[in-house]
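Participant: One structure, as structure tokens, below. Some questions next.
The values are calculated or read from the model by the stated rules, or taken from the named source; none is laboratory data. Note that the structure is a prediction, hence the values are computed from the model and not measured. Heads up, the Cβs are rebuilt from the backbone with ideal geometry, glycines too, and the neighbour counts pull from every protein chain shown.
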Amino acid sequence: MANSQAVTFAFGHAIFCGMNPIAADSLLAYWSAQEISTNILVFLNILGALLLGLIVGYERSYHGRAAGMRTYGLVCMASAALTVIAGYPAFWYAGQGAAHISPDPTRIIQGIVTGIGFLGAGVIVKEGFNISGLTTAASIWTASAIGIMVGVGFYGAAILVTLLSAACMWWMLRLEKWLPSRPAITVTISFNERAVGIEHFLGEATARYGYRISQDTVVISHQDGKAEWRFLAIAENSLGIHSSGNLARDFAAFEGIESFQLCHPRN
């Protein structure tokens, strides 16, 4: 039994040290001083990108959007990680076979942008005339650009884009509300068979509170004795958003309406 263990130990020692003398050096190369120093630089880039992504994502999280701080932090961090490693090909695989490696950062950036495009498309939701998630998709794409800039070393520009992105999403909404505008709402109404004068009622009710029905958006369907109207109502001024509640009360009071839905676009 003891002889068997001794043979096994000797065989393993021969493989590791005798028959393959460079195996230990190959493993230690991954922990050389230069390799560790490069890893620290890469880590700092990734950490900085994560923090910048969290700043942009906080605005989305604060406003209750589905994509929040975690999504933006991961997108920005991963974009930086994929980009920054292209700058250190000499340290890939601990420098073994580095002479045959010639990475093209532009191809990596192209792949990142393409992948983020699919992620952005996933947060865009279209329901009838209402499309939501456009701002979130655009900001996710911006987060990937911030990560790329951190990865290639444009730290100042990355910080500036982060601050501009956060300021744009925080303050531009207030600016939009302050500037003259014509907000719109999507309206879906189901009428029962007792409803009469539908077109006259809708035109009168919307005009009373400063809305105008966009005629080219009107969709009328009829099923099981019920008529459903869907259309976009555009306010004549910025006060329309405050009168939508009054419009909803008029709809609720109309005898022929079975159900209705008013929805403001939310990006």
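Participant: Within the range 144-158, can you find the residues that are farther than 13 Å from Ile109 by Cα and part of a helix (DSSP H, G or I)? Walk me through it before giving the result.
Facilitator: Going through the range 144-158, the residues farther than 13 Å from Ile109 by Cα turn out to be 153-158.
Across the range 144-158, the qualifying residues are Tyr155, Gly156, Ala157, Ala158.
Participant: Looking at Thr142, Thr114, Thr186, Thr206, which one is β-branched (Val, Ile, Thr) and in contact with a Cys (Cβ under 6 Å, 6 or more places away or on another chain)?
Facilitator: Numbers: Thr142 fails: in contact with a Cys (Cβ under 6 Å, 6 or more places away or on another chain); Thr114 fails: in contact with a Cys (Cβ under 6 Å, 6 or more places away or on another chain); Thr206 fails: in contact with a Cys (Cβ under 6 Å, 6 or more places away or on another chain).
After ruling out the rest, the residue left standing is Thr186.
Participant: Give just the number: which of (1) modelled with pLDDT of 80 or more; (2) of a type in the set (A, V, I, L, M); (3) farther than 24 Å from Leu54 by Cβ does Ile108 not satisfy?
Facilitator: Failed condition: (3).
Participant: Taking the criterion of being assigned by TED's automatic domain parsing to the domain that holds Ile46, on the phi > 0 side of the Ramachandran plot and of a type outside the set (D, E, K, R), would at least one residue in the range 153-160 satisfy it?
Facilitator: Restricting attention to the range 153-160, the residues satisfying the condition of being assigned by TED's automatic domain parsing to the domain that holds Ile46 are 153-160.
Keeping just the survivors that are on the phi > 0 side of the Ramachandran plot gives 153.
From what's left, of a type outside the set (D, E, K, R): 153.
Looking for residues that are assigned by TED's automatic domain parsing to the domain that holds Ile46, on the phi > 0 side of the Ramachandran plot and of a type outside the set (D, E, K, R), one finds at least one in the range 153-160, hence yes.
Participant: While we're here: Scanning the range 56-79 for residues that are modelled with pLDDT under 90 and of a type in the set (Val, Ile, Thr), which turns out farthest from Tyr93 (Cα to Cα)?
Facilitator: Val56
Participant: Hey, could you check the range 164-189 for residues that are assigned to a helix (DSSP H, G or I) and in contact (Cβ under 8 Å) with a residue 60 or more places away in the chain and say which is surrounded by the fewest Cβ atoms within 10 Å (Cβ to Cβ)? Break it down stepwise before answering.
Facilitator: Initially, the range 164-189 is screened for residues assigned to a helix (DSSP H, G or I), giving 164-178.
Remaining after also requiring in contact (Cβ under 8 Å) with a residue 60 or more places away in the chain: 165-166, 169-170, 177.
Working: Ser165: 21, Ala166: 18, Met169: 22, Trp170: 13, Lys177: 11.
Out of the qualifying residues, it is Lys177.
Participant: To continue, here is another question. Run Lys126 past the list (1) more than 30 Å from Pro89 (Cα to Cα); (2) surrounded by 15 or more Cβ atoms within 10 Å (Cβ to Cβ) and report the number of the one that doesn't hold.
Facilitator: (2)
Participant: While we're here: Residue under question is Thr135, and the condition is that it be out of contact with any helix residue (DSSP H, G or I) (no Cβ under 6 Å at 6 or more places or on another chain), surrounded by 14 or more Cβ atoms within 10 Å (Cβ to Cβ) and polar (S, T, N, Q); does it hold? Before the answer, list the steps.
Facilitator: Working: out of contact with any helix residue (DSSP H, G or I) (no Cβ under 6 Å at 6 or more places or on another chain): yes; surrounded by 14 or more Cβ atoms within 10 Å (Cβ to Cβ): yes; polar (S, T, N, Q): yes.
Considered against the rule, which asks whether it is out of contact with any helix residue (DSSP H, G or I) (no Cβ under 6 Å at 6 or more places or on another chain), surrounded by 14 or more Cβ atoms within 10 Å (Cβ to Cβ) and polar (S, T, N, Q), Thr135 comes out as yes.
Participant: Still on this structure, I have one more. Being assigned to a strand (DSSP E or B), modelled with pLDDT of 85 or more, farther than 20 Å from Pro180 by Cα and not assigned by TED's automatic domain parsing to the domain that holds Arg60 narrows it down to one residue among Arg230, Arg212; which is it?
Facilitator: Numbers: Arg212 fails: farther than 20 Å from Pro180 by Cα.
When all the criteria are applied, what remains is Arg230.
Participant: Right, here's the next one. Would you mind finding the one in Ile220, Ile189 that is among the aliphatic types (A, V, I, L, M) and over 18 Å from Ala252 (Cα atoms)? Explain how you work it out, then say what you get.
Facilitator: Values: Ile189 fails: over 18 Å from Ala252 (Cα atoms).
The conditions single out Ile220.
Participant: Mind listing just one residue for me: the one in the range 197-235 that is among the small types (Gly, Ala, Ser) and touching a residue at least 40 places away in the same chain (Cβ under 8 Å) and, of those, farthest from Gln261 (Cα to Cα)?
Facilitator: Kept after step one, since they are among the small types (Gly, Ala, Ser), are these residues of the range 197-235: 197, 203, 205, 207, 210, 214, 221, 225, 227, 233, 235.
Pick out the ones that are also touching a residue at least 40 places away in the same chain (Cβ under 8 Å) and you get 205, 233, 235.
On the way: Ala205: 15, Ala233: 12, Ala235: 17 Å.
Here the answer is Ala235.
Participant: Hey, another quick one. Which residue pairs have Cβ atoms closer than 7 Å, lie 6 or more positions apart in sequence or on different chains, and pair a first residue in the range 52-78 that is in contact (Cβ under 8 Å) with a residue 60 or more places away in the chain and among the basic types (Lys, Arg) with a second residue that is part of a loop (DSSP other than H, G, I, E, B) and surrounded by fewer than 22 Cβ atoms within 10 Å (Cβ to Cβ)?
Facilitator: Matching pairs, first to second residue: Arg60/Ala67; Arg60/Gly68.
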